[in-house]
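Single-structure report; data block below.
Each reported figure results from applying straightforward, stated rules to the coordinates on display, with no laboratory input. All figures in this text were calculated on a predicted structure; none of them were measured in a lab. Every residue, glycine among them, receives a Cβ derived from its backbone with ideal geometry; neighbour counts consider all protein chains shown.
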Protein chains: 2
Amino acid sequence: MERKVGIIGVAYSKFGVRNDVNFNELAYESFKEAINSSNIDLKDISFLIVSNVGVWSSEPLPAVSLGEYLGLIGIGTLRVEAACASGSAAIKIAYDMIKSGEHEVIAVIGIEKMNESTTPIVVEMIGRAGNYFWEFENFGLTFPGYYALYATAYMNKYGAKEEDLCEVAIKNHYYGARNPKAHFQKEVTLEECMNSRYVAWPLKLYDCSPISDGSATVILASEDFIRKSGVKEPIWIRSIGASNDTSNLSKRENFLSLKATVEAADKAYKKANIDKDKLTKIFDVIEVHDCFTIAEILACEDLGLFKRGEGYKIIREKQTYIGGMIPVNLSGGLKAKGHPLGATGISMLVELVKQLKYEVEKQRQADIKNGLALAHNVGGTGHYAYVTILSR
Amino acid sequence: MERKVGIIGVAYSKFGVRNDVNFNELAYESFKEAINSSNIDLKDISFLIVSNVGVWSSEPLPAVSLGEYLGLIGIGTLRVEAACASGSAAIKIAYDMIKSGEHEVIAVIGIEKMNESTTPIVVEMIGRAGNYFWEFENFGLTFPGYYALYATAYMNKYGAKEEDLCEVAIKNHYYGARNPKAHFQKEVTLEECMNSRYVAWPLKLYDCSPISDGSATVILASEDFIRKSGVKEPIWIRSIGASNDTSNLSKRENFLSLKATVEAADKAYKKANIDKDKLTKIFDVIEVHDCFTIAEILACEDLGLFKRGEGYKIIREKQTYIGGMIPVNLSGGLKAKGHPLGATGISMLVELVKQLKYEVEKQRQADIKNGLALAHNVGGTGHYAYVTILSR
């Protein structure tokens, strides 16, 4: 009999440029709210997992300073890094650690304070999230450049246009405008998106997620603990799938799909006994990794929601808004909610837990029928992928 | 019924200044040997955990490049960091991940290539493994300085002398001289140690572990897998305990003990049903975290092997050599084997597995009676501590 693992407390901080707080204070913002919502005592926590990439921060060993600041001393702790998928990697190990019987309650905190660095440094460091020595240093490929390769290949194969990419930005800004914690809380028009300057053709400024500061906290607990402590409505983790891909993009078969996503999703569906032919009917709401607009289109196809080459058309028809085939990124996504790397994957779960519990703002609340949600988190350009399935 | 987790493959690379290999090649050196010794197929591995601090390396996201280089694609992967305890933290989560039933075989690789940086940068980055903003930047405390505070407090309280600290270096160099993979393979005399220059009084050059490059790999597997695959003599992980302490040393009660070690050991002993009154009779051999000579003395007392204030006397009497009360650091320890941060904790397990299987060089092979061994790995100045108990 497998031990079930539930989520009993969630929160994320205001995302954005957070020069108003220091590193520890930013973490505390989500930690405090998550602890309060969980109704546990700090002493119940036997392990702290910190998700942080942190190459731009002057705090190279964040778990040390956070442990003291948050009052989590005398427990186990470590930091996890899997590039932009660090948050989901942290959730994955916390899930396994509780399932193993070694722990009852684990706190997972994701944090990034990227605006301590300048934009060129951030661009350089994120660029290294691929193959550093060959493709980055020798060929000068940057992170937007990597995804631009995918965008052009997709457009060439399936006939998608720059306007179609912008449709993702328009939707995500629409919901970001309704999320008080989002980095950007304003809608954008097709014209604004199309007129924004190129970062790496065909990706324009409005196709790219921003450089954000933020933290997110999830408190996980065993079913035993949940029953004893009387938590009324936990959200359960049904399964987590993870995969990776080549460091060099030049070794990939094509630029039409992130294979790691396909594999991670397959593993997660299999473990949770999900029928892959009915995904849009099974899941009430999903969050996908839209670091660039093309990434959301690829994610929807790689997850198996839509057929190959159909994603951009379905998105254009507004089928990923509330009321459509399947609502995607009602938080605003990385695009508008923001993308503080270590916090991103964890904030996806925060968002989905609140969606499943009808706790988000009305204008961006999905209709919950089956009580099932999915989070998809990528590190690098499909170098890592994690898919997490939640249920009421 | 708990799932047992065994170690089926181990190796570490030659430690030292390894400008002869690049990052991936250094990892491969131990990975290949560990895979060969385990007799498994790469396809059996469903997760890769990389232990790496890496702030001095130009490879900021090592799990990506290692995954491709080692042929581990299509599986889950992430990086773990817990300062100098990163290796044990990686083992801890791999252990829990297999115990949970989510995985059968996991590869854990620790690697550090510190000599890519200059010594001043390494000293600065390691110095940050405490409280960066207050004690490091404002007070200028370096890593040797932190441990010097402990050394002077201990000497003042218990009457230990600089010569007593040197006894640890003499023993560890004695065994390092008999370990072909050690960074330093030469013995040192009391005179040489006492005449070496001060780094942070009373710690001299020969009281300090070196800046090393190296990698270490451990392959862990479930009991189910081990039985099916016919591995004849796995070594089992009996328990792992972990704890942390304040970021600021100024918030510690005293400088006579690393509380995190005491707590981590207590947790490990409790889980493994170890009688704390008979430790030196129970364990055949142990590896402790001797980043500085004083750290080995503190470790022996904090683990409960010797009474408070007695450690340095017992070590002076050569009771931690083979044939004494309990053999400690027969690998040469961090002091002589070397200390490539991310690899250190994993190399301790490699060493102990080989000791328990009578596979090390004769001159440094412990007498194995009960088949029990213990590894103690510290991050920072007791900011993290992990204690791992192994058995035949």
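Stokes-Einstein diffusion for segment A:299-389, with the hydrodynamic radius set to the Kirkwood value over Cα pairs and evaluated at 4 °C in a medium of 1.567 mPa s, equals 93 µm²/s.
Local charge for A:Y154 was computed over the other residues whose Cβ lies under 13 Å away, with Lys and Arg +1 and Asp and Glu -1, and equals -3. Annotation: the antiparallel percentage among DSSP beta bridges lying fully within the protein assembly as shown is about 70. Classify segment A:115-169 from the C-alpha gyration tensor, please: rounded if a/c falls under 1.5, else prolate or oblate depending on whether a/b exceeds b/c. It comes out oblate by the Cα gyration axes.
Dimensions of segment A:1-104 along the principal axes, based on C-alpha atoms and rounded to the nearest Å, stand at 47, 29, 26, largest first.
Mean separation of Cα pairs under 8 Å and 6+ residues apart, divided by the residue count of chain A: what relative contact order is that in percent? Rounded, it is 26 percent for chain A. Let me make sure I get this right: for segment A:175-243, a, b and c are the square roots of the gyration tensor eigenvalues over alpha carbons, sorted descending. Under 1.5 in a/c it's rounded, otherwise prolate if a/b > b/c, else oblate. Which is it? Taking the square roots of the gyration eigenvalues as a ≥ b ≥ c, segment A:175-243 is prolate. Computed over segment B:98-139, the convex hull of the alpha-carbon atoms projects to a mean area of 5.2 nm². Look at B:M155, B:M194 and count the other Cβ atoms within 10 Å of each Cβ; fewest to most, that gives B:M194, B:M155. Grouping the Cα pair distances of segment B:276-335 into 10 Å bins from zero gives a pair-distance distribution of 25, 64, 11 percent in increasing distance order. Rounded, prolate or oblate for segment A:232-274? Axes are the square roots of the Cα gyration tensor eigenvalues, ordered a ≥ b ≥ c, and the cut-off for rounded is a/c under 1.5. Verdict is prolate for segment A:232-274.
Computed from the C-beta positions of A:K281 and A:K228 and an R0 of 30 Å, the FRET efficiency is 0.25 to the nearest 0.05.
Each 10 Å bin from 0 upward holds the following percent of the Cα-Cα pairs of segment A:120-206: 17, 36, 35, 12, 0. Neighbour counts of other Cβ atoms within 10 Å put B:T118, B:T280, A:T381 in the fewest-to-most order B:T118, B:T280, A:T381.
Can you give the net charge of the other residues whose Cβ lies under 12 Å from the Cβ of B:L70, counting K and R as +1 and D and E as -1? Taking every other residue near B:L70 into account, the sum is -2. Largest GNM mean-square fluctuation across B:Y198, B:Y175, B:Y312, computed for chain B with C-alpha springs under 10 Å, falls on B:Y198. In nanometers and ordered shortest first, the copy-to-copy spacing of the B:K186 label point, defined 7 Å from Cα toward Cβ, is 6.8. Among the trypsin sites (Lys or Arg not before Pro) within segment B:183-261, which fall in a DSSP loop and have no more than 12 other Cβ atoms within 10 Å of their own Cβ? Sites meeting the loop and neighbour criteria: B:K186, B:R197, B:K232. For the protein assembly as shown, the dipole from Cβ point charges (+1 on Lys and Arg, -1 on Asp and Glu) about the Cα centre works out to 1540 debye, to the nearest 20. Relative to the globular-protein estimate of 2.2 N^0.38 Å, the Cα radius of gyration of segment B:59-201 stands at 1.37. The fewest-to-most ranking of B:I346, B:I294 by surrounding Cβ atoms within 10 Å reads B:I294, B:I346.
Two decimals is fine: what is log10 I(q)/I(0) at q = 0.04, 0.06, 0.11 Å⁻¹ for the protein assembly as shown, from a Debye sum with one equal scatterer on every Cα and no solvent? Log10 of I(q)/I(0), two decimals: -0.15, -0.34, -1.12. If you take the Cα centroid of segment B:361-384 and the Cα centroid of segment A:339-392, the two points sit 43 Å apart.
Summary of packing: across the peptides B:107-113, A:365-371, A:160-166, the per-residue average of other C-beta atoms within 10 Å ranks them, highest first, as B:107-113, A:160-166, A:365-371.
Each residue of segment B:26-43 is assigned a 3J(HN,Hα), and the resulting list reads 5, 5, 4, 4, 7, 4, 4, 5, 5, 5, 4, 6, 8, 6, 9, 9, 3, 5 Hz, derived from the Karplus form 6.51 cos²θ - 1.76 cosθ + 1.60 (θ = phi - 60°), x at Gly and Pro. Taking every DSSP beta bridge that has both residues in chain B, what percent is antiparallel when rounded to the nearest 5? Restricted to chain B, the bridges split so that about 70 percent are antiparallel. Set the Cα radius of gyration of segment B:157-197 against 2.2 N^0.38 Å, with N its number of residues, and you get 1.28. With only Cα atoms counted, segment A:326-365 has Rg and Dmax values of 10.0, 28 Å. Working note: 222 nm ellipticity from helices only, DSSP H runs with n ≥ 4, each -39,500 (n - 2.57), summed and divided by the residues of chain A, gives -11000 deg cm²/dmol to the nearest 500. Label-point spacing at A:T119 relative to the other copies reads 4.2 nm, in ascending order, each point sitting 7 Å out from Cα along Cα→Cβ. Value of Rg to Rh for segment A:145-299, rounded to two decimals, is 1.02; Kirkwood radius and Rg both from alpha-carbon coordinates. When the alpha-carbon atoms of chain B are used, the pair Rg, Dmax equals 19.3, 57 angstrom. Using the Karplus relation 6.51 cos²θ - 1.76 cosθ + 1.60 with θ = phi - 60°, the per-residue 3J(HN,Hα) values for segment A:313-328 come to 6, 5, 5, 4, 7, 6, 7, 9, 8, 4, x, x, 4, 7, x, 10 Hz, with x marking Gly and Pro. What the Cβ-Cβ distance of B:N195 and B:E359 gives, at R0 = 35 Å and to the nearest 0.05, is a FRET efficiency of 0.45. In the P(r) worked out for segment B:213-285, what percent of Cα pairs fall beyond 19 Å? So the pairs more than 19 Å apart make up 59 percent of the total in segment B:213-285.
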